[in-house]
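Let me begin by presenting the structure, written as structure tokens, before commenting on it.
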Protein chains: 2
Amino acid sequence: MAKVLTPKEEDYSQWYNDLVLKADLAENSSVRGCMVIKPYGYAIWEKIQQTLDRMFKETGHVNAYFPLFIPKSFLSKEASHVEGFAKECAVITHYRLKNSSDGKGVIVDPEAKLEEELIVRPTSETIIWNTYKNWIQSYRDLPLLINQWANVVRWEMRTRLFLRTAEFLWQEGHTAHATKEEAMEEALKMIDVYKTFAENTLAIPVIQGRKTENERFAGALETYTIEAMMQDGKALQSGTSHFLGQNFAKAFDVKFLNSKGELEYVWATSWGVSTRLIGAVIMTHSDNHGLVLPPQIAPLQVIIIPIYKSETERQQVLDYGKDILHELKHHGISVKFDDRDTHKPGWKFAEYELKGVPIRVAIGPKDIENKQVEIARRDTLDKFYVSRDTLIEQIKSLLNEIQQNIFKKALNFRNNNTYEITHIDELKSNIENGGFFVAYWEGTKEDEKLLNEQTKATIRCILPEESSSTGKCIISGKETKKRVIIAKAY
Amino acid sequence: MAKVLTPKEEDYSQWYNDLVLKADLAENSSVRGCMVIKPYGYAIWEKIQQTLDRMFKETGHVNAYFPLFIPKSFLSKEASHVEGFAKECAVITHYRLKNSSDGKGVIVDPEAKLEEELIVRPTSETIIWNTYKNWIQSYRDLPLLINQWANVVRWEMRTRLFLRTAEFLWQEGHTAHATKEEAMEEALKMIDVYKTFAENTLAIPVIQGRKTENERFAGALETYTIEAMMQDGKALQSGTSHFLGQNFAKAFDVKFLNSKGELEYVWATSWGVSTRLIGAVIMTHSDNHGLVLPPQIAPLQVIIIPIYKSETERQQVLDYGKDILHELKHHGISVKFDDRDTHKPGWKFAEYELKGVPIRVAIGPKDIENKQVEIARRDTLDKFYVSRDTLIEQIKSLLNEIQQNIFKKALNFRNNNTYEITHIDELKSNIENGGFFVAYWEGTKEDEKLLNEQTKATIRCILPEESSSTGKCIISGKETKKRVIIAKAY
């Protein structure tokens, strides 16, 4: 099979696009900025959903569903929120079409104009807090720990499959609490859940920190983030958790009677991850042969491919292979036996390499004779023989090993591309090559804008404060304990 | 606890509304016609999704995701389709808001007008067939067996929680086939899947048949349906599967090379069920005490309630109860131990009755002494003692028994309210009391409209043809084998 992907060293961005399309993950639709998530891509999303949903439930959350539409006036109620979202939203103004007078199709019926326009949710804080108002009277009604799996729309001008699309799928948690401390604890707990998920399930090492004021979610007092490094050295914000203070409670007048009988505003958090995570997985692990998927979210963990020449051989390898298939299934491993005779083994090898199936099992007549199979690891591309007797156990441990190996590889890559800097010039001369730059920071909002203008990089997060060491801010020169990660970002 | 529900004999419609609200299933939102599905209602939807999704996958389908928005022109491409959906759709005309000049909120930015308006999907045939065009070249690309879990919007004027809302959640299957026979087989297979699901999982007996031309899906050549009888004798269409012929393939020019090398249009089906099923569950099984949930979709199958007076007693029943809790959990039963001391047992009894938890286990000091528990069945409201030794096994078999019992009860109700009629006068004089009326039918479209005008009832479905018997059509008098179900419907 000819190389189907542009090598990433040649054109990283093209490599990514090629990969998303050729591996059948997603494609652009006829609707500007909206993608079609194809079955193979959606299967990865389903795996992500299953694991996250279980983690949310284990931490006490339940799912619910709120309206797709938000009255325009709701958006205006929280000042910085509307500022952040009004400029990129889909607006519904009418509720009916009618036949055009020339008989050539349909037109918007001018008589079916809405009194108040509706916005397709870009995020659901406003509609949810307007609902919570009726659900919360007393401290006994708190906390509310609710999550929603939904589609949202942000009218992005420049879109890229999975990374930035007008419509995307996500989950958004929206919680309500009686105290500031409890809300803060929740916001931190959920960024921890995201970190654990990213590292253990997606095998993506992430740096956890909080956003600067400039980079905070519109309406948040504090935004916590996990930031991952892609193979081109750019950062990808992979999940955020917001401490919203009482902003939305005040905007929607949500008060509760505390245990002393006093009326107080409710404290809030929200947190979300999206189909963007699929983009993160692709860009963290894959190579010029195609996808490399972490076994934990691979729709297919093992592919079995038979190799034969004669019909007799075919029968033998099919029998041998089917036994392996059933045994692996029985052990809860997601496996397929590709016994199609319409495609050659070589074609299949390349196809499943492209699709990132972690383990390939090839079986030919010789293997049956020797009571073995040939195994190929997708992550290292190593090939070796494994005895049929110990095959199942070896595949199980190999899946674990691959999961850990690709995490370590990504972690090494990040470590090798993370630089401590003490002067902004170091950033300027190296930022083009990508990487994370760790620096002391005590600048203003304006300093941060300047930094961005001069380097095209942004402060990805403020690291959790370390106890003793201090240093000089790379812009203001002020002595500070605060350290930040600076990088170019998606 | 005072009666919280209007008795259904008094006002069925009010009973339903009371129940949806008081059992915390859903509520109306601030957006006209859109509902909020509350956590308890959503938990039922999750159970429905899990089972259906498994059934879809077992029948060879995969999930994918297509855009929320449909270009207006797509809708016009299939003539009867646009006729069916244009009158009730949400239309996006702009993609940006801006600050109003008076500084009081935001207005639609007139400069951000879309060249072509977008429709929020009322169903996805058009956007999906526009996509399939690029996926299908040869017979080797067929069949495509794809399902989507999504939200859709139909601008309904009169809405009722779960039964008819502007936005609702559903799944829509969209399949593409090389032959008419295969597409027809698929359409029938999926209505069978729905019937099995309705009867085995939701415990709702349904009648399966096909729709008359008047009642077909806009764009279908044949619509298969399952119809359930609610406790007021009205029909609820609970799932449909459409044989679309080549209509959408022609509208979107989707052709394939068949094995003889000839170009042909592709054959299509689509099929869907929605959150309406939750309304069907409520209205089929529940009573004046509240919900009655089939154990297979009950978010909580067993509730344990401790009864005690002193602190010593409390400790004893808590220990005793927790053992039961853990044992039931270990056996995969969804169970909660409500040991809150903020509420009295009587309050809890009423609460879980309202919520339709199939089995209640009450434990007091006497029960510990006698090595037993008190069990109450939600479906029959019977109470009895069960020995602690055999408790787990008894609960397991009781859950099965309840599932079967409520199905039988609903089936008996339907049978007792189904009438064979030979003249339209029998329909006219009895339709007000509800029920299914089985009649021979060989009328025209106009006859059917007349029937509807005179009786407010509709033909719910044409029954699968029976071999030998014939009879006279109740309107035209023509001799026919064709029999239909006539009923008032939701």
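The values are calculated or read from the model by the stated rules, or taken from the named source; none is laboratory data. Just so it is clear, the model here is predicted, and its values are computed rather than measured. Neighbour counts run over all protein chains shown; Cβ positions are idealised from the backbone, glycine included.
Restricting the range B:299-348 to residues that are out of contact with any strand residue (DSSP E or B) (no Cβ under 8 Å at 6 or more places or on another chain) and of a type in the set (S, T, N, Q), which is surrounded by the most Cβ atoms within 10 Å (Cβ to Cβ)? Lay out the reasoning, then the answer.
The first filter runs over the range B:299-348 and keeps only residues out of contact with any strand residue (DSSP E or B) (no Cβ under 8 Å at 6 or more places or on another chain), leaving B:299, B:308-313, B:315-316, B:319, B:323, B:326-327, B:330-332, B:340-344, B:346-347.
So of that shortlist, the ones also of a type in the set (S, T, N, Q) come out as B:310, B:312, B:315-316, B:342.
Numbers: B:SER310: 9, B:THR312: 10, B:GLN315: 11, B:GLN316: 18, B:THR342: 6.
Per the stated criteria, the residue is B:GLN316.
Condition test on B:LEU277, is it closer than 27 Å to B:ALA23 by Cβ, assigned to a helix (DSSP H, G or I) and either at pLDDT 95 or above or touching a strand residue (DSSP E or B) at 6+ places or on another chain (Cβ under 9 Å) (or both)?
Values: closer than 27 Å to B:ALA23 by Cβ: yes; assigned to a helix (DSSP H, G or I): yes; either at pLDDT 95 or above or touching a strand residue (DSSP E or B) at 6+ places or on another chain (Cβ under 9 Å) (or both): yes.
Yes, satisfied.
Among the residues of the range B:214-221, is there at least one that is outside any helix (DSSP H, G or I), at pLDDT 95 or above and within 14 Å of chain A (Cβ to nearest Cβ)?
no
Within the range B:442-474, which residues are within 15 Å of B:ASN214 (Cβ to Cβ) and among the hydroxyl-bearing types (Ser, Thr, Tyr)?
Within the range B:442-474, B:THR444, B:THR455, B:THR458 qualify.
Output the residues belonging to the range A:377-391 that are closer than 10 Å to A:VAL361 by Cα and within 28 Å of the chain's Cα centre (by Cα).
A:ARG377
Do the conditions hold for A:LYS113, that is, is it outside the structural domain of A:ASN258 (by TED's automatic domain parsing), surrounded by fewer than 21 Cβ atoms within 10 Å (Cβ to Cβ), among the basic types (Lys, Arg) and touching a strand residue (DSSP E or B) at 6+ places or on another chain (Cβ under 6 Å)? Reasoning before the result, please.
Working: outside the structural domain of A:ASN258 (by TED's automatic domain parsing): yes; surrounded by fewer than 21 Cβ atoms within 10 Å (Cβ to Cβ): yes; among the basic types (Lys, Arg): yes; touching a strand residue (DSSP E or B) at 6+ places or on another chain (Cβ under 6 Å): yes.
Criteria met by A:LYS113.
From the set of residues in the range B:225-249 that are in contact (Cβ under 8 Å) with a residue 40 or more places away in the chain and in contact with a Lys or Arg (Cβ under 6 Å, 6 or more places away or on another chain), which is farthest from B:GLY356 (Cα to Cα)?
Restricting attention to the range B:225-249, the residues satisfying the condition of being in contact (Cβ under 8 Å) with a residue 40 or more places away in the chain are B:225, B:227-245, B:247-249.
Now narrow it down to the ones that are in contact with a Lys or Arg (Cβ under 6 Å, 6 or more places away or on another chain): B:225, B:227, B:229, B:234-235.
Numbers: B:THR225: 28, B:GLU227: 24, B:MET229: 20, B:LYS234: 22, B:ALA235: 23 Å.
Among them, the one singled out is B:THR225.
Yes/no matrix, rows are residues, columns are (1) out of contact with any Ser or Thr (no Cβ under 7 Å at 6 or more places or on another chain); (2) aromatic (Phe, Trp, Tyr); (3) assigned by TED's automatic domain parsing to the domain that holds B:LYS408:
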| site | (1), (2), (3) |
| --- | --- |
| B:GLN246 | yes, no, no |
| B:GLY261 | yes, no, no |
| B:TRP267 | no, yes, no |
| B:LEU291 | yes, no, no |
| B:LYS309 | yes, no, yes |
| B:ARG314 | yes, no, yes |
| B:LYS322 | yes, no, yes |
| B:LYS329 | yes, no, yes |
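Is at least one residue of the range B:169-182 in the same structural domain as B:THR126 (by TED's automatic domain parsing), assigned to a loop (DSSP other than H, G, I, E, B) and crowded, with 24+ Cβ neighbours inside 10 Å?
Kept after step one, since they are in the same structural domain as B:THR126 (by TED's automatic domain parsing), are these residues of the range B:169-182: B:169-182.
From the residues that got through so far, the ones that are assigned to a loop (DSSP other than H, G, I, E, B) too are B:178-179.
Filter once more, keeping what is crowded, with 24+ Cβ neighbours inside 10 Å: none.
Within the range B:169-182, none of the residues are in the same structural domain as B:THR126 (by TED's automatic domain parsing), assigned to a loop (DSSP other than H, G, I, E, B) and crowded, with 24+ Cβ neighbours inside 10 Å.
Hey, could you check the range B:280-336 for residues that are of a type in the set (D, E, K, R) and under 31 Å from the mean Cα position of the chain (by Cα) and say which is farthest from B:VAL386 (Cα to Cα)?
Residues of the range B:280-336 of a type in the set (D, E, K, R): B:287, B:309, B:311, B:313-314, B:319, B:322-323, B:327, B:329, B:336.
Those still in the list that are under 31 Å from the mean Cα position of the chain (by Cα) too: B:287, B:329, B:336.
On the way: B:ASP287: 25, B:LYS329: 18, B:LYS336: 19 Å.
Only one residue fits best here, namely B:ASP287.
Looking at B:GLY443 and the list (1) surrounded by 20 or more Cβ atoms within 10 Å (Cβ to Cβ); (2) modelled with pLDDT of 95 or more, which single condition is not satisfied?
(2)
Evaluate the following for A:ILE392: is it part of a helix (DSSP H, G or I) and either among the β-branched types (Val, Ile, Thr) or surrounded by fewer than 17 Cβ atoms within 10 Å (Cβ to Cβ) (or both)? Full working, then the answer.
Values: part of a helix (DSSP H, G or I): yes; either among the β-branched types (Val, Ile, Thr) or surrounded by fewer than 17 Cβ atoms within 10 Å (Cβ to Cβ) (or both): yes.
So A:ILE392 passes the test.
Among the residues in the range B:470-481, are any touching a Phe, Trp or Tyr at 6+ places or on another chain (Cβ under 7 Å), part of a strand (DSSP E or B), under 30 Å from B:GLN296 (Cα atoms) and among the hydroxyl-bearing types (Ser, Thr, Tyr)? Show your work before the answer.
Restricting attention to the range B:470-481, the residues satisfying the condition of being touching a Phe, Trp or Tyr at 6+ places or on another chain (Cβ under 7 Å) are B:471-474, B:480.
Then drop every residue that is not part of a strand (DSSP E or B), which leaves B:471-472, B:480.
Right, trim to under 30 Å from B:GLN296 (Cα atoms) and you get none.
Among the residues of the range B:470-481, not one is touching a Phe, Trp or Tyr at 6+ places or on another chain (Cβ under 7 Å), part of a strand (DSSP E or B), under 30 Å from B:GLN296 (Cα atoms) and among the hydroxyl-bearing types (Ser, Thr, Tyr), which makes the answer no.
For the range A:425-440, does any single residue satisfy the condition of being assigned to a helix (DSSP H, G or I) and in contact with a Leu (Cβ under 9 Å, 6 or more places away or on another chain)? Write out each step before concluding.
Step one: list which residues in the range A:425-440 are assigned to a helix (DSSP H, G or I), which gives A:425-433.
Okay, now just the ones that are also in contact with a Leu (Cβ under 9 Å, 6 or more places away or on another chain), so A:427.
Within the range A:425-440, one or more residues are assigned to a helix (DSSP H, G or I) and in contact with a Leu (Cβ under 9 Å, 6 or more places away or on another chain).
Taking the residues in the range B:150-185 that are more than 20 Å from the chain's Cα centre (by Cα) and among the acidic types (Asp, Glu) as candidates, determine which candidate is nearest to the other protein chains (Cβ to nearest Cβ).
B:GLU182
Before we move on, is A:ASN433 at pLDDT below 95, polar (S, T, N, Q) and within 30 Å of A:ARG378 (Cβ to Cβ)?
Values: at pLDDT below 95: yes; polar (S, T, N, Q): yes; within 30 Å of A:ARG378 (Cβ to Cβ): yes.
Judged against the criteria, A:ASN433 is a match.
Suppose we filter B:GLU213, B:GLU199 for residues that are in contact with a Pro (Cβ under 7 Å, 6 or more places away or on another chain) and surrounded by fewer than 19 Cβ atoms within 10 Å (Cβ to Cβ); which single one remains? Even if it seems obvious, please write down each step before you answer.
Values: B:GLU213 fails: in contact with a Pro (Cβ under 7 Å, 6 or more places away or on another chain).
Step by step, each of B:GLU213, B:GLU199 is checked, and only B:GLU199 is in contact with a Pro (Cβ under 7 Å, 6 or more places away or on another chain) and surrounded by fewer than 19 Cβ atoms within 10 Å (Cβ to Cβ).
Which number in (1) free of Cβ contacts under 8 Å to residues at least 60 places away in the same chain; (2) within 9 Å of chain A (Cβ to nearest Cβ); (3) out of contact with any Lys or Arg (no Cβ under 8 Å at 6 or more places or on another chain) marks the one condition that B:ASP102 misses?
Here B:ASP102 meets the rest and fails (2).
Residue under question is A:GLY60, and the condition is that it be assigned by TED's automatic domain parsing to the domain that holds A:TRP271 and small (Gly, Ala, Ser); does it hold?
Criteria met by A:GLY60.
Looking at A:LEU391, A:LEU411, A:LEU427, A:LEU398, can you tell me which residue is in contact with a Phe, Trp or Tyr (Cβ under 7 Å, 6 or more places away or on another chain) and of a type in the set (A, V, I, L, M, F, W, C)? So that I can check it myself, show each step before the final result.
Details: A:LEU391 fails: in contact with a Phe, Trp or Tyr (Cβ under 7 Å, 6 or more places away or on another chain); A:LEU411 fails: in contact with a Phe, Trp or Tyr (Cβ under 7 Å, 6 or more places away or on another chain); A:LEU398 fails: in contact with a Phe, Trp or Tyr (Cβ under 7 Å, 6 or more places away or on another chain).
Testing whether each residue is in contact with a Phe, Trp or Tyr (Cβ under 7 Å, 6 or more places away or on another chain) and of a type in the set (A, V, I, L, M, F, W, C) leaves just A:LEU427.
Just for the range A:56-78: of the residues that are over 13 Å from A:ILE119 (Cβ atoms), surrounded by fewer than 17 Cβ atoms within 10 Å (Cβ to Cβ) and in contact (Cβ under 8 Å) with a residue 24 or more places away in the chain, which one is nearest to the chain's Cα centre (by Cα)?
Residue satisfying both the conditions and the ranking: A:THR59.
Scan the range A:125-141 and tell me whether some residue there is out of contact with any Phe, Trp or Tyr (no Cβ under 8 Å at 6 or more places or on another chain), assigned by TED's automatic domain parsing to the domain that holds A:GLN49 and of a type outside the set (D, E, K, R).
Start the filter on the range A:125-141 by keeping residues that are out of contact with any Phe, Trp or Tyr (no Cβ under 8 Å at 6 or more places or on another chain), which leaves A:134-135, A:140.
Okay, now just the ones that are also assigned by TED's automatic domain parsing to the domain that holds A:GLN49, so A:134-135, A:140.
The next check asks that each one be of a type outside the set (D, E, K, R); those that pass are A:134-135.
Within the range A:125-141 (the criterion being out of contact with any Phe, Trp or Tyr (no Cβ under 8 Å at 6 or more places or on another chain), assigned by TED's automatic domain parsing to the domain that holds A:GLN49 and of a type outside the set (D, E, K, R)), the answer is yes, since at least one residue qualifies.
Failed condition for A:ARG140, given (1) farther than 30 Å from B:HIS343 by Cα; (2) surrounded by fewer than 21 Cβ atoms within 10 Å (Cβ to Cβ); (3) facing another protein chain (nearest Cβ under 10 Å), with all others met?
(1)
A:ALA410 versus (1) part of a loop (DSSP other than H, G, I, E, B); (2) buried (at least 16 other Cβ atoms within 10 Å of the Cβ): which is the lone unmet condition?
(1)
Within the range B:315-350, track down each residue that is charged (D, E, K, R), in a helix (DSSP H, G or I) and free of Cβ contacts under 8 Å to residues at least 12 places away in the same chain.
Of the range B:315-350, the ones charged (D, E, K, R) are B:319, B:322-323, B:327, B:329, B:336, B:338-341, B:344, B:348.
Now drop any that are not in a helix (DSSP H, G or I), which leaves B:319, B:322-323, B:327, B:329, B:348.
Of everything in the range B:315-350, those that are charged (D, E, K, R), in a helix (DSSP H, G or I) and free of Cβ contacts under 8 Å to residues at least 12 places away in the same chain turn out to be B:ASP319, B:ASP323, B:LYS329.
Would you kindly identify the strands (runs of 3 or more DSSP E) lying entirely within the range B:23-98 that contain at least 1 residues that are more than 8 Å from chain A (Cβ to nearest Cβ)? If you could, list the steps in order and put the result at the bottom.
Values: elements: B:26-28, B:35-37, B:69-71, B:91-94.
Strands (runs of 3 or more DSSP E) meeting the threshold: B:26-28.
Given the condition modelled with pLDDT under 95, surrounded by 16 or more Cβ atoms within 10 Å (Cβ to Cβ) and among the β-branched types (Val, Ile, Thr), answer yes or no: does some residue in the range B:9-20 qualify?
No; the residues of the range B:9-20 include none that is modelled with pLDDT under 95, surrounded by 16 or more Cβ atoms within 10 Å (Cβ to Cβ) and among the β-branched types (Val, Ile, Thr).
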